[in-house]
Every structure is written in C-alpha cells, then in structure tokens.
Amino acid sequence: MITHKIVLPAFEKTRVLVYGDVMLDRYFHGDATRISPEAPVPVVNIVKIETRPGGAANVAQNIATLGGQVTLCGLVGEDVYATELKTSLNPLNIDCRFLCVPDFHTITKLRVLGQHQQLIRLDFEKAREEIVNDDALFADYCEQLKSAQIVVLSDYSKGALCHVERLIAIARKNNVPVLIDPKHKDYSRYAGATILTPNLKEFESIVGVCRDLSHVIEKALELLHKVNIESLLVTLGKDGMVFIKPGQEAVHFHTKARDVFDVTGAGDTVIAVLAAGIAAGMDTIAAVELANIAAGVAVGRLGAQALSVADLQHALLKSGDLSAGILNESQLLSAVNEAKKRGEKIVMTNGCFDILHVGHVDYLAKAKALGTRLIVAVNDDDSVRRLKGLDRPLNSIDARMTVLSALGCVDWVIPFSEDTPARLVSTINPDVLVKGGDYQIHQIAGHDSVLKNNGQVITIPLVDGFSTTSLIRKLARESERMLPRVT
C-alpha cells in the first residue's frame, strides 16, 4: 500500500526548465540465433531501428509526456545526430535551446538488442579538454528562468554543466528550486541545490560503502552538512529509495517494481516525475512517492521510455490507491487519447451515484463489457442539489467518486458541474455512450455528438427493485418505525 494518498496533479500547468547533457539513444533490434564463425560473438540480424531522446532530453521527454511545459538547454554538435534528436523531440512541443558547438559530437548511445536483450552498447562522443564557452546558453537559461517553476540539472559529466555553480546560484536567487541528477565526483559543485538524486552506486563512490539503510542515512546527513545541499533522494535499486533531509526523519520508500526488465533511463524518470510533481504543487514526500511508483513502471520496460498520466494512474491502482482513477478533464483527455492510440474502445456513462447499490454495480459491469475502458462522469454536489433537492446528495462528490473508482469495472471517474454532461461527452467523444433503460436514446445527454462521430448510444436494462430514491425512502420508514412512540 502507498504511504500517502496521491491525487495526480494538473501537470499541464507546470513549467520546467531542464539543462544538461542531452543525448540521442539509438536501438538496433534484431534476432540473435547463431554465433559468428569469425569470433565467439552472436550474429544479430537487425530488423528494426529506433531513435529516442536520452540523458537530459529523456528527462524533458518524460515531463512533456505528462503534459508539462518544458524548456530544454544543452550542447549538440554540427551533425546529423543533433538533427535526429531535435526531430524526436518536436512532437512533444519541447522548447529546445541548444548551443551548437564546433568540433563537438552530439552524444549518441547505440544499443544492440537480440530477442529483447541488450547485447552491447556503443557510445559515440568526443572528449573535450577545454571548457566550452556557454555564455550564450547561460543568458538564454537566465531568460527562461523567469517563467520556470523548477529547474532540473541532468549532469552526466559530458561537459554541458561545466559551469553548474552559476546555474544553481541564479536559480536560487530567483527562488526557483533546483533538482540535480549527479554523475560528477565532486558534490561541492552542487552547493545550494534543493535535491540531489544519486543512485546507490554513485552515492557510495562519494561516501564509501554503506552497510545498510541506517548507514546510508548517516552518511547522507554528513554529506549534506559538508556540501550545503538541502536534501538527498538516494535510489536503492531493489530496495526502493530513501529521502533524507536534515531536521526531519528519513523516509524509506519500498520498491514498486514487479519485474525488472531494463534499468535504462530509470533515473531520468525519477527526477522528471519528482520535478513535475513538485512544480504542480505536490508536497515533496508525495512527489517522491509518485517518482518511486514511476520508477517501478520504467524498469519493467525495454529502454528509456516516457510515462504518461495513464501509466501513472494504472500504477497507482496497482499500488492500492482507491482514488487513483479520479482525473480532471485534461488528465482524462490525455488518458483517452493514449487509449485510443492503442486501439482501445472507450465507453462512457454518467449519474449521481449517491448511494451505490447492486443495480449500479450490475449496470456498470454491463457497460464495461461494451468496450475496453469505462469512464463514469459524476454530478458534483451542487449539480445533484439542483436535480434531486436540497437534502441531496447524502455523500459528497469526493466520497462518491472514491467508491466508484474502487470498482474493478471502472477505469476513470470525472466530476462535472453542469446539469448534464453533454459538453463533457462531446469533448471526450467516447465510442459508446451508455445510460439506463429508463431513458430513450434522444433523452441521453450528448447522444447527438456521439452519433455524429459514428459512435453508439446504448441503454442497459436496470435491475428491478433497486434505486437510490427507494433506498432512502426505505431507510426513512425504518427509522420512523424504530423511534419510540410518544403517548
């Protein structure tokens, strides 16, 4: 079970500034069924080539996929790989502020996979002894900082953060928190940072081998005091992660990974989700919890892949959060779009659902059977009062949505404030719109827009003898019967 109740925030309202070592990740997929006669190595017959953003670009990709607005700063070369990287980022509407450096090779990592297993990684980069003149990029960073809610510095020690101290200083001067994924051996250069997110191997390379979790916490507190950093989030592999901040108790988050398939890009996912969560208004501990859950999803996938809101919501459901299926309109639109890309059939219904009974459960289960995903739109409290009277609802909108979200047949729950969900139905554009058998098709709110888009509008027979109104009347009669009579 999760430590905190997590409600996914409105990521689309966030503005994140990412600065660091951008990379291009290339994947050569193939079949490896024989050994080379030339050397004891597998022969891979390449059948598919993929290109994805890597390093700081993968961090930006993760935030943008959640709906955040991202500006990405980094160094690239005058080469085809820089063009490929920009092309891979264009669909995500990431604002790329790259400094093109002469005689610099855009950092590229090529992974060769056979039967979905990584066989070898080839790195293409050119070491530079001299420090890059990045004054123009720094000036751009300072300008973008004016509208940023949080800064992420992705340091792979490849040269982009050769002047990291001034990046931190100007951000903190503007009261913008700074999160850093550190690969450099000198942590004093990160003085003033808000959170550092090393993995255990990186952390131990600085402080020495740690015997156990308590030793990690002890060493972390010593390090924080020494280098003037506010807090550390140390990822511990199979043991999850631990958040350490002086003056408060360390918080250990157990791993949420069910299967570890590939750890590529997991650190990028952690800092991206952490940054997006904090920028969206989550408290730090809840944001770390969400980042931990995201990491569990990321390591179960092949290669560095960005997570969507739907991925996080699904992971939250698996973690036991009963309210994980409750989304706002923008989150629902994002989840529906992702589902439609996968060819999933979207079913939608609506109602007050004031007291959930067997008739509701039967109806919702039959609605879900009509497609792949079921959306339930719920009248908010004011809407219910206008429809049912001032003594309704008996249960608040939050309580009603939580109960609905806990049903296995319900995927997403969303509130609406209008008397009917017609506008919402038109916006979501479900494949199937469903209501109870006490409605005629022409009476169902939103039927016209669904039919116009070649969707279906279906009524489902209700279970006889069950309704919220009849239950309330029965309870009232029983209450009166049990009251002592006054003579």
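Every number here is computed from the coordinates shown, using simple stated rules; none is lab data. Computed from a predicted structure; not experimentally measured. Cβ atoms come from the backbone with ideal geometry, glycine included; neighbour counts cover every protein chain shown.
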Practice problem: Using only the alpha carbon atoms of the stretch 368-472, find the Kirkwood hydrodynamic radius as the inverse mean reciprocal pair distance, in angstroms to one decimal. | Solution: 14.9
Quiz item: How high is the relative contact order of the stretch 344-388, given as a whole-number percent (alpha carbon pairs under 8 Å, six or more residues apart)?
Solution: 56
Quiz item: So which lysines pass the test for LYS435, namely a Cα distance under 23 Å, with those fewer than 8 places away in the same chain ruled out?
Solution: LYS340, LYS345, LYS366, LYS368, LYS388, LYS452
Quiz item: Could the peptides 187-193, 60-66, 21-27 be put in order, highest first, of the mean number of other beta-carbon atoms found within 10 Å of their residues?
Solution: 60-66, 21-27, 187-193
Quiz prompt | Rounded to whole Å, sorted largest first: equivalent-ellipsoid semi-axes of the stretch 1-149, Cα gyration tensor | solution = 33, 24, 12
Quiz item: Which of the aspartates and glutamates could a cross-linker bridge to LYS126, judged by Cα under 19 Å and excluding same-chain residues fewer than eight apart?
Solution: ASP21, ASP25, GLU78, ASP79, GLU84, ASP103, ASP134, ASP155
Quiz item: Hey, can you rank 111-117, 361-367 by average C-beta count inside 10 Å, highest first?
Solution: 361-367, 111-117
Quiz item: Hey, what D do you get for the stretch 171-233 in µm²/s if you plug the Kirkwood alpha-carbon radius into Stokes-Einstein at 10 °C and 1.306 mPa s?
Solution: 133
Quiz item: For the chain, what is the calculated [θ] at 222 nm in deg cm²/dmol (nearest 500), taking -39500 (n - 2.57) for each run of four or more DSSP H residues and dividing by its residue count?
Solution: -10500 deg cm²/dmol
Exercise. Hey, for a label at GLN456 modelled as a point 7 Å past Cα toward Cβ, could you say which residues of the stretch 361-388 have their backbone N under 12 Å away?
Key: 367-372
Quiz prompt | Given LYS86/LYS183; LYS158/LYS183; LYS158/LYS185, the pairs whose alpha carbons are separated by over 20 Å | solution = LYS86/LYS183
Practice problem: List the equivalent ellipsoid semi-axes of the stretch 164-279 in whole Å, largest first, each obtained as the square root of 5λ for an eigenvalue λ of the Cα gyration tensor. | Solution: 22, 17, 13
Exercise. Two decimals is fine: what's Rg over Rh for the chain, C-alpha atoms, Kirkwood radius as Rh?
Key: 1.05
Quiz item: Which whole-number percent gives the relative contact order of the chain, counting Cα pairs below 8 Å spaced six or more residues apart?
Solution: 12
Quiz item: How big is the C-alpha Rg of the stretch 14-57 next to the rule-of-thumb value 2.2 N^0.38 Å, as a ratio?
Solution: 1.84
Quiz prompt | Whichever lysines have a C-alpha closer than 21 Å to that of LYS146, once near sequence neighbours (fewer than 8 apart) are set aside | solution = LYS13, LYS173
Self-check item: Relative contact order computed over the stretch 103-244 (Cα-Cα under 8 Å; 6+ residues apart), in percent
Solution: 16
Quiz item: Which order, highest average first, do 401-407, 34-40, 95-101 follow once you tally other Cβ atoms within 10 Å for each residue and take the mean per peptide?
Solution: 401-407, 95-101, 34-40
